[in-house]
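Input: a single structure, listed below in C-alpha cells.
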Amino acid sequence: MTLIKSISGIRGTIGGQAGENLTPMDAVKFASGYGAWLKNQHDTCTVVIGRDARPSGQMIENLVISTLQGLGIHVINAGLSTTPTVEMLVPRYNAQGGIILTASHNPKQWNALKLLNDQGEFVSGTDGAKILELAEGGEVSYAEVDDIGSVKEDVDGLQWHIDQILDLSSVDAQLVASKNFKVVIDAVHSSGSVAIPMLLDKMGVDYNNLYPEPNGQFPHNPEPLEKHLTEIITECASGKYDMGIVVDPDVDRLAFVDETGKMFGEEYTLVLVADYLLEDQKSNVVSNLSSSKALRDLAERKGSTYSASAVGEVNVVNEMKSTSSILGGEGNGGIILPELHYGRDALVGIALALTYLAKSGKTLSELKASYPQYFMGKQKIELTPGLDVDAILRGIAANYINEELSTIDGVKITWSDRWVHMRKSNTEPIIRIYTEAPSTKEAIDLGGRFIAELSELAKQV
C-alpha cells in the first residue's frame, strides 16, 4: 500500500492506514491544503472538480467537495469527466482552480488528486510545495455556517469540450465523415468510453467500443503499452478497421494501433500530429528530453524547429510558452495544442489524427513508414545509498563536453542517430537511463555502455 506526496498532488492506494495510503482522512487533509492555498490568494474561490470512472472516484469526490465547501469555496462538479475537460472548464467558469480525481494509468486500487491553477494548468513546483506545507501543517481555518461554499453541477462539459475541438480550423469533421472510417476503441471502462464515442459521432466515424461501460473495472493494466493491448491489436489485425484508438483512464494519453494490427506507438502520436500541423506552417515544437528523436528530425525536415524541456508536463508547457510553439507533448502519447489549451488532450489528438488521415489519403502504417524509425530502451543503475548522484552525473557530463549535451534535467547526450538520457530518482539511489537508437539492440547496448561508465564513476566519488 502506498501514499505518494509530490508537488503535483497526492497519489495512493485506497484503504489501509491514514498517512500510509490514500484514505478519506488523507483526501480531506490535502484538499484542505489546496483550498487554504487558494484562499490565501483570492477573496472568493470557485473550484472545478472532475473524476475518472475508477471505483473510489465518487467517494473521493464527495470528500473533496465537502472539504472545499467547509472552507467556504464554491464547487462546480463535472462528475465523470476527463483531465483535459476539467482543465478547459476552469477558465470557462472563471474558476480559481481545479482538481482532477484520477490516478492516470495506475490500476484501479489507486486514486489521486491532481491540482490545477486558475489557468487550468498544473500547479508549479513552488506552488505545489506551498500546498503540501499547508496540508501537513494543519493550520487551516474552515468557514462558519453562513459562509459554507455552494455546489453546482456542470451538465455539458464533455460536449462543450468536443465542440471546441470541432471548431478548430485544423479539424475537418465533414471531410472525415466522407471517408467512412471505422475504428475500434479501448478506453478501459473509464471516461474515454463515454467521451470518445461522443467525438466520433460528431465526426461521422463508425466504431466498435470494446469496453463501453464507465464502471472503472479496467479489463487490463490501463497503461497504454503494447503488452497490455492484446484484444484491440487482434481486432485491428482482422483488417476491419482503419485504426485502433487507445487512451488511459483520464484521457490525456493517446496511442494508436494501425490498420494491420501493429502498434503505432505512444512515442509517435506526437510525431503524427506534428507531421500534419507543420505541413502548412513553420513553427517550433516541444517534447521532453526522454521523448523520441523522431519529433526533432521531422520538425527539422519540414523547416521548423524543435526544443526540449525537462521531464514533466509543467516543464513542457513552460518551454512551449517561451518558444511560442504550436504543439508540444511527451513521449507518453500526450498532445498539447495551445490553440485549445495547455494540457495533454487525447480527444484533440484523435480529431487531428483522423483529419490528417482523411486529407493525406494514406493509412497509418504508410505514415509511420515515412517517419524516422527509432527504438527506445529503459534501464537503471542502483547505487549505494549515500552516494553523491549529482557528482556522478557531473562526471559523465565532463566526459562528453564536446558532444551535444543538455544538463537541464540530469544529463542527455545526443548524436546524429541516437541519444542517452540519465536522470536521478528523487526517492531512491537510482539513476534511470533512457536510450534511443535505430534498433532495440543498439538502444539496449547504448544503455549498457553508460551503466558501465556510471558504475566506474561511482567508485571514484
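Please treat every number below as a calculation from the coordinates, not as lab data. All values derive from a computational prediction rather than experimental measurement. Note that we place each Cβ from the backbone using ideal geometry, even for glycine, and neighbour counts take in every protein chain shown.
Would you mind checking K5/K378; K227/K424; K262/K459 for any pair whose Cα atoms are more than 32 angstrom apart?
Beyond 32 Å: K262/K459.
Which far-off residues, 5 or more places away or on another chain, put their amide H under 5 Å from the one on E436, with H placed in the peptide plane?
Amide H neighbours of E436: G377, W419.
Based on the alpha-carbon gyration tensor of the range 147-244 and its eigenvalue square roots a ≥ b ≥ c, which shape applies: rounded if a/c is under 1.5, prolate if not and a/b is larger than b/c, or oblate?
On the way: a/c = 2.82, a/b = 1.24, b/c = 2.27.
It is oblate, given that a/c is not under 1.5 and a/b is not larger than b/c.
Rounded, prolate or oblate: which one fits the chain, using the alpha carbon gyration tensor with axes a ≥ b ≥ c (rounded when a/c is under 1.5, else prolate when a/b beats b/c, else oblate)? Let's see the in-between values first.
Numbers: a/c = 1.69, a/b = 1.11, b/c = 1.52.
The shape class here is oblate.
Sort 24-35, 278-289, 207-218 for me by packing, meaning the mean count of neighbouring Cβ atoms within 10 Å per residue, highest on top.
Per-residue Cβ counts within 10 Å, averaged per peptide and sorted highest first, yield 24-35, 278-289, 207-218.
Per 0.36 nm of contour for each residue apart, how much would the distance between S178 and S150 grow if the chain were fully extended, relative to their Cα-Cα spacing?
Details: separation 28, 0.36 × 28 = 10.08 nm, distance 4.60 nm.
So the chain would gain 5.5 nm between S178 and S150.
Using a Förster radius of 51 Å, what is the FRET efficiency between T440 and E136 based on their Cβ-Cβ separation? Nearest 0.05, please. Before the final figure, lay out the partial values.
Working: r = 44 Å, r/R0 = 0.86.
After rounding to 0.05, the efficiency reads 0.70.
Output the peptides 150-160, 411-421, 371-381 sorted from most to least packed, where packing is the average of other Cβ atoms within 10 Å over each peptide's residues. Walk me through the intermediate numbers first.
On the way: 150-160: 14.8, 411-421: 19.3, 371-381: 17.6.
Packing order, densest peptide first, comes out as 411-421, 371-381, 150-160.
Over the chain, calculate the relative contact order: mean separation of alpha carbon pairs under 8 Å at least 6 apart, over the residue count, as a percent. Please list the in-between numbers first.
Details: 1050 pairs, mean separation 53.5, N = 461.
It rounds to 12 percent for the chain.
In sequence order, what are the phi-derived ³J(HN,Hα) couplings for the range 220-229 according to the Karplus relation 6.51 cos²θ - 1.76 cosθ + 1.60 with θ = phi - 60°, rounded to whole Hz, with x for glycine and proline?
Each residue of the range 220-229 in turn: 7, 3, x, 6, x, 10, 3, 5, 9, 10 Hz.
What is the magnitude of the charge dipole of the chain about its Cα centre, with +1 placed on the Cβ of each Lys and Arg, -1 on the Cβ of each Asp and Glu, and no other charges, expressed in debye to the nearest 20?
I would put it at about 840 debye.
Sorted by average packing, counted as other Cβ atoms within 10 angstrom per residue and highest first, what order do 339-352, 124-137, 252-265 take? Numbers along the way, then the final one.
Numbers: 339-352: 25.5, 124-137: 16.1, 252-265: 23.6.
Highest mean packing first, the order is 339-352, 252-265, 124-137.
Suppose the chain between I401 and R301 were pulled fully straight at 0.36 nm per residue; how much longer would it get relative to their current alpha carbon spacing? Kindly include the intermediate steps, with their values, before the conclusion.
Values: separation 100, 0.36 × 100 = 36.00 nm, distance 2.68 nm.
Extra length from I401 to R301 when fully extended: 33.3 nm.
Normalised by the residues of the range 160-369, what does the relative contact order come to in percent, with Cα pairs under 8 Å and at least six apart?
This gives 20 percent for the range 160-369.
Taking the alpha-carbon distance from K380 and a cut-off under 19 Å, which aspartates and glutamates remain once sequence neighbours fewer than 8 residues away in the same chain are dropped?
D388, D390, D409, E428, E436, E442, D445, E453, E456
How large is the dipole of the range 301-403 about the Cα centre if only Lys and Arg carry +1 and Asp and Glu carry -1, each at its Cβ, rounded to the nearest 20 debye? Can you show the working numbers first?
Values: 10 positive and 10 negative charges, 98 e Å.
Taking the Cα centre of the range 301-403 as origin, the dipole is about 480 debye.
As a footprinting exposure proxy, order I60, I433, I4 by other Cβ within 10 Å, with the fewest listed first. Provide the component values of the computation, followed by the final result.
On the way: I60 25, I433 22, I4 15.
So the residues, fewest neighbours to most, are I4, I433, I60.
If I model a spin label at R394 and S169 as a point 7 Å from the Cα along the Cα→Cβ vector, what separation in nanometres do I get?
About 5.0 nm, to one decimal.
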